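Structure record follows, encoded as structure tokens.
The values are calculated or read from the model by the stated rules, or taken from the named source; none is laboratory data. Everything numeric in this text was worked out from a predicted model, so none of it was measured. In this analysis, Cβ positions are derived from the backbone assuming ideal geometry, glycine residues included, and neighbour counts consider all displayed protein chains.
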Amino acid sequence: MKAKRLFTVFVPDEKKRKMNIQEIITKFQQKLVSLRWIMLLTSVIFLLPIPMLYKIIYLVLTAFLPMYLLYKEANKARQSILRIKKEELWEISSEKVVHIDLGLNEQITEAMLPMGYFLIPILMQFLALSYDEWKGQGLSVLSISSIFLLGMGVLGYFLLRRLPNKTYCDDHDKNRNVNEMQRYYYSLFLFYVVLMDAFIMLAVRVFEYATPKMLTFVWLGFIIVLTFLVFLAINSVSKYRNYKNNMLQSTTQYDNQAETYWKYTLLGSIYRNPYDTRLFIDSNNGMTINMARPGAKIFFGAIFGGVFLLLSYYFIYPAWLDHNHKLVELSVNQEVVEVYGPMYSNQISIESIQNVDLITKLPHGTRTWGTGTFTYMTGNFKLDTYGKCRMYVASKHKAYVVITTDKGIVIVNDDEIAKTKAVYTQLKHMLELQK
């Protein structure tokens, strides 16, 4: 009797077509569609002229609330199917016998996408970071996040190489072919993900040089290429599923993952089987991780640890620096105005300065490239009053020196208002002496 997992419960094919099971599926799908519409309609909050804090709160809610609602609905559907299964006394032989193809005793890695392909996104990332270094912009949050994602993609590739073989059916050749294609298509998926990430990193640099007339075409090209890469990534997973289904269609299929080891959590369906030596497990959505394996703890520890370090470096650490007046030091000598701090730095030649102004409030505008947090803002901006400009400012200290140079406008300050005003006075005096 063939069976597939439905809400982590093994359901025979003929039982899945029954009215009571179809009702459960339909109700869940209706709730899922409603949730998607709610998220889509409420996303207009990003178009409203409201403080960024409210937008961040919305992001947090949309990150956790949908997961919680899906967990509740999926768990409710799972319990309903388990109740029906118990009442109707379903029998599924795949839960009682473990099948192992002893011919699959070696690692199948030759079918994977060659590691050399990953040199393409690595080179793209290197070019983007080299450009930032050349422009003196330093590492932004986006840059660090992109490097982190690239690292996780490469880590996933090496974990995929160690993926244990699985016995799918009673045919050795088909078992080997499906295992090979699983490695190939999932390594291809990882490649497209890190390639998308690297493409975005390069594309945002192009936006800096796009004229207003060309901006529409640049955006159109960006959307077309990104959509194409997303399609390729999704298609690689779909191709594996289709290949697997076609290959195993006329065989006696095995499934050694007892449903008692599947659970629904806030993070979705998880598999926890201490008796299964595999780290990566096939699931209805593609592949999941056996949470009982030590490798799972390493994998998720690396992800959450990396995210925590990233957030700490860009939010907690700068806040501590700002509190202790160590975020940035603004100084001036006969040759340059220097902005120096642990998070960002820059120098402006005195000879290039044409005018200076002191303001206590930054004009409204948008960041075209760089970093913007509650503590500091650096990079390229487009402001209502000054147009395109560069900013290196400690956001909480409301005194800013607007420096007009022969290359454009630069806005700087110190993390102490008195020092910012002192530098402005000194620069104003130096410019008057030059006249």
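Residues of segment 343-364 that are in a strand (DSSP E or B) and either loosely packed, with under 15 Cβ neighbours inside 10 Å or modelled with pLDDT of 85 or more (or both): Asn346, Gln347, Ile348, Ser349, Ile353, Gln354, Asn355, Val356, Asp357, Leu358, Ile359.
Among the residues of segment 327-338, count how many are surrounded by 14 or more Cβ atoms within 10 Å (Cβ to Cβ) and either charged (D, E, K, R) or over 15 Å from Gln426 (Cα atoms) (or both). Matching residues across segment 327-338 total 4. Considering each residue of segment 81-104 in turn, none proves to be modelled with pLDDT of 75 or more, over 30 Å from Glu14 (Cα atoms) and surrounded by 13 or more Cβ atoms within 10 Å (Cβ to Cβ).
Cβ separations smaller than 6 Å between residues 6+ apart or across chains give the following pairs from segment 410-435 residues that are of a type in the set (Ser, Thr, Tyr) to residues that are in a loop (DSSP other than H, G, I, E, B): Thr420/Ala399; Thr420/Asn413; Thr420/Asp414. Scan segment 310-333 and give yes if some residue there is part of a helix (DSSP H, G or I), within 26 Å of Gly153 (Cα to Cα) and aliphatic (A, V, I, L, M), otherwise no. Checked segment 310-333: at least one residue is part of a helix (DSSP H, G or I), within 26 Å of Gly153 (Cα to Cα) and aliphatic (A, V, I, L, M). If the condition is being assigned to a helix (DSSP H, G or I) and surrounded by 18 or more Cβ atoms within 10 Å (Cβ to Cβ), then segment 160-173 contributes only Leu160. Of all the numbered requirements in (1) of a type in the set (Lys, Arg); (2) surrounded by 19 or more Cβ atoms within 10 Å (Cβ to Cβ); (3) at pLDDT below 80, Arg293 misses one, and that requirement is (3).
Given the conditions (1) of a type in the set (Ser, Thr, Tyr); (2) outside any strand (DSSP E or B); (3) more than 36 Å from the chain's Cα centre (by Cα), report the number of the one that Thr385 does not fulfil. Condition (3) is where Thr385 drops out.
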